[in-house]
1. With unit charges on the beta carbon (Lys/Arg positive, Asp/Glu negative), name the residue among 324, 380, 448 whose Cα is farthest towards the positive pole of the charge dipole of the chain.
2. How would you rank 271-284, 458-471, 230-243, highest first, on the average number of other Cβ atoms within 10 Å across their residues?
3. Nearest 5 percent is fine: what portion of the DSSP beta bridges confined to the chain is antiparallel?
4. Counting only C-alpha contacts under 8 Å and six or more residues apart, can you give the relative contact order of the chain as a whole percent?
5. Which of rounded, prolate, oblate describes the range 516-625, given a ≥ b ≥ c as roots of the alpha-carbon gyration tensor eigenvalues and a/c under 1.5 marking rounded, otherwise prolate only if a/b is larger than b/c?
6. Sorting 15, 410 on the 10 Å Cβ count, fewest up front, what's the list?
7. Using each residue's phi in the range 311-324, evaluate 6.51 cos²θ - 1.76 cosθ + 1.60 at θ = phi - 60° and report the 3J(HN,Hα) Karplus result to the nearest Hz, with x for Gly and Pro.
8. Per-residue HN-Hα couplings for the range 24-34, Karplus 6.51 cos²θ - 1.76 cosθ + 1.60 at θ = phi - 60°, whole Hz, x for Gly and Pro?
Amino acid sequence: MLNAVRIWILLSSLLVASGWVLSAFHQLNCAGYGIVLALAAGALLVWTRKTGWRPRKNKLFQKFKRRFKRPAPMLFLILALLCLAAGSLYIPSDADSNAYRIPRVLHWLAAERWHWIRTLDIRMNVAGCNFEWLCAPLILLTRTDRCLFLLNWLSFLLLPGLIFSVFTQLRVSPRVAWWWMWLLPSGWCFIMQAGSTINDSFAAVFALAAVDLAFRARENRRVEDLWLAMLAASLVTGVKQTLILLALPGLIAIWPGLRLLLKRWFISAGIIVVSLLVSAMPITIFNLENTGSWISVSKTYAKAQLHSPFWGIVGNAFCLALENLKPPIFPFVGAWDAARKHFLQTPFGMHFAQFEDFGKLSFGVGETSAGIGLGISALIIISIFWAWRDRPARLLEASTRKIKGDVRLLIWVPWMLLLIFMAKNGSDEGARQCAAYYIFLFPSLLSGAGQKNLTRQVWWRGFAVTIMCIAAMLLVTSRDRPLFPAQMLMNWLQADHPNSKFISRAAYSYRLVPDFEEQRIVFEKIRPPGEKVVGLATVEGSSEPGLWLPYGQRKVMRILPGDTPEQLRQAEIRYVMLEDDFLYYTNQTLDQFLARYHGTLVTTGSFFADTGEPQYFYLVHLAGNG
């Protein structure tokens with residue numbers, strides 16, 4: 001496991017750093033990446049010859065067979081295979097990936113460099129880039145976005161070993177750590193994201209690895225492990241700005257071992273430079289240069305920035321508890337929605353009006369809203385209560401517990417970081433955005449002899465296995481990527497039980513999911529053949545990836561409200577895909593847009609957006625442009 005983690009950190013650092021370097025030389029293309037990968041392969045060959053390292057296939061196979069005979073590891077393997085199936089069967093299905101993550105990569109590759117993109121959706125420019133830098137060579141070499149989920153899936157596979165290692169270093173009993181190393185990755189946010197391109201849980205591996213490798217460096221006095229810990233902590237900050245705080249545990253673990261850097265100071269200086277390059281520093285500099293702020297948000301998301309830390313903590317404490325204790329199916333969503341809207345009109349509820357959709361719940365479990373989940377939440381609450389009642393274990397713990405200062409700090413600092421996150425973040429998807437934070441909260445809850453005694457209880461083990469089985473069922477029935485013919489079954493059930501409100505609500509929930517694959521098929525039919533440049537007039541729409549297809553053969557240019565007909569003519573844009581959110585944003589009608597750009601309406605259509613509301617689009621031919 002540890003070698004796999006080291007390779008993942010090195011590969012991620014290589015791709016992120018090379019993305020920025022190749023951009024500087026305008027070589028973000030196949031030739032540029034070919035040179036980078038050739039140099040990396042040469043360095044790997046020299047290293048293997050120097051060290052004599054060879055993979056031991058027989059030993060790995062025997063270890064694999066022995067480990068996965070037990071129920072918990074076997075269920076984790078099943079979860080991993082289900083995530084792989086879900087990711088393979090569906091294209092990226094979350095709105096954020098289609099609205100700005102994938103499009104920004106396509107814009108960079110088209111220009112052969114990172115650049116500040118002309119767009120109304122500022123997220124395309126200001127958001128952290130590390131996940132996208134790993135996507136870039138995959139899209140460039142495969143000409144598709146279907147395999148991007150593998151970045152999350154590979155990270156998911158590394159979680160159990162890292163959780164066990166970090167937990168035991170933070171004074172959790174090995175027996176307890178063994179059970180929770182399988183349980184925590186089965187949390188709903190982790191399994192839902194393992195087959196998707198949502199990047200909240202992606203940084204958890206780097207955050208855990210930074211702590212683990214820093215501790216190992218202090219024990220074995222290997223400066224190489226400290227270098228990797230520094231790279232891992234830096235990678236965390238560059239994934240997204242909401243995760244920057246999560247680098248602090250790694251930095252605390254690294255601090256006592258900094259003297260090791262002097263052993264090979266020249267290489268250490270180079271590692272520091274690379275660490276800065278793969279961190280949030282480059283995007284922060286560009287944000288300051290172009291917006292005057294280290295991170296900027298659009299007007300649409302300004303509401304999610306809280307102004308009162310106190311009410312932010314109070315509100316998020318309620319919302320996070322609500323999301324994580326919500327059952328897999330919540331049929332009372334209509335009544336709940338009416339009640340929460342009424343509450344927000346009361347004097348006390350006005351304190352939470354600064355939140356984005358405060359207290360909002362969905363009918364089922366979705367990848368954009370899932371937290372650690374009801375099963376894990378219920379199990380840890382029961383475990384804490386049971387361990388507290390185990391008086392002999394508490395007396396034994398009190399008499400033998402001696403924890404070093406830095407370890408104690410690492411145990412409790414994550415709670416402080418969570419409070420800071422809660423004080424500032426007012427998003428309605430906070431439970432999902434906390435994905436990488438959850439794991440670090442558990443060492444403080446699981447230390448103690450009572451937890452060790454609890455894992456010996458047959459009922460507790462049965463509960464733990466049941467939770468993992470339920471997680472597998474949720475993956476199969478996920479409305480985002482169902483592993484069964486959902487629409488056909490829902491139609492059959494509705495025909496057989498026409499008066500069932502529950503079945504009608506479930507069918508409606510499945511229909512609400514944006515079908516980006518169908519959207520791309522529609523675009524393929526209506527898109528003018530042979531057009532190398534297509535205009536897109538949208539604000540935060542999620543249709544852009546479909547306009548780029550086939551990747552590498554077409555370019556999409558975003559239209560801004562101030563663009564003149566002459567500018568579009570000079571850019572050789574003859575067709576524009578116009579979305580209705582652009583018309584609403586610019587306060588104009590379709591006829592006014594057509595008159596301004598001397599356009600002719602070719603066709604119109606609609607698809608479901610992530611809000612569940614139909615998004616209308618219009619294909620416009622600019623008559624004066626050829």
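FYI, it's all coordinate maths here, none of it is from the lab. If you're wondering where the values come from, they're calculated on a predicted model, not measured in any experiment. Note that we place each Cβ from the backbone using ideal geometry, even for glycine, and neighbour counts take in every protein chain shown.
1. Of the listed residues, the answer is 448.
2. 230-243, 271-284, 458-471
3. 70 percent
4. RCO, the chain: 16 percent.
5. Cα axes put the range 516-625 in the oblate bin.
6. Values: 15 21, 410 26.
Fewest-to-most Cβ neighbours within 10 Å comes out as 15, 410.
7. 6, x, 5, 4, x, 5, 4, 5, 5, 5, 5, 4, 5, 7
8. 4, 9, 6, 10, 7, 8, 4, 5, x, 5, x
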